């Protein structure tokens, strides 16, 4: 027989704990083999998947940060475009108001011109009416004078005599 030390029988050391040395050795070898097999076929792929996942998460975080930067830049551009559009709109509104004022002034000037034309037309018509009325009055006055002359001198006066008498009467009044 071999001089195998039986740790289980001994009252000191590991045997006092109730652990067999041979069983411990077998368990250590089994654990080592299980560790190597798990390391090769389980831990490596698991660590690879974890590494890839961590890289994917880091890429996602970097992409998120880049997107936030781009969004901030885009917000700045949008704000600048809005200010530019607002300024252009204000310019267009101001230009439209100026155009409207000019149109109103132009319409007022045309209206004044038409009103002035209407007034001049009315004045010309009034002057013609006054001339016509004077002519009618003069004709009527000549007729009345002719009738009065006939009544005063008791004879019929023809147009030549009548005109001569009127001129004589008018000359006497002017003097």
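Any read-out appearing in this document is the output of simple, stated calculations on the displayed coordinates, not a laboratory observation. This is a predicted model, so every value here is computed, not measured. Virtual Cβ from ideal backbone geometry, glycine too; neighbours counted across all protein chains shown.
Values as computed for the structure displayed
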| quantity | calculated |
| --- | --- |
| Any hit, segment 94-113, residues being under 30 Å from residue 167 (Cα atoms) and in a helix (DSSP H, G or I) | no |
| Residue 149 part of a helix (DSSP H, G or I), free of Cβ contacts under 8 Å to residues at least 12 places away in the same chain and surrounded by 10 or more Cβ atoms within 10 Å (Cβ to Cβ) | no |
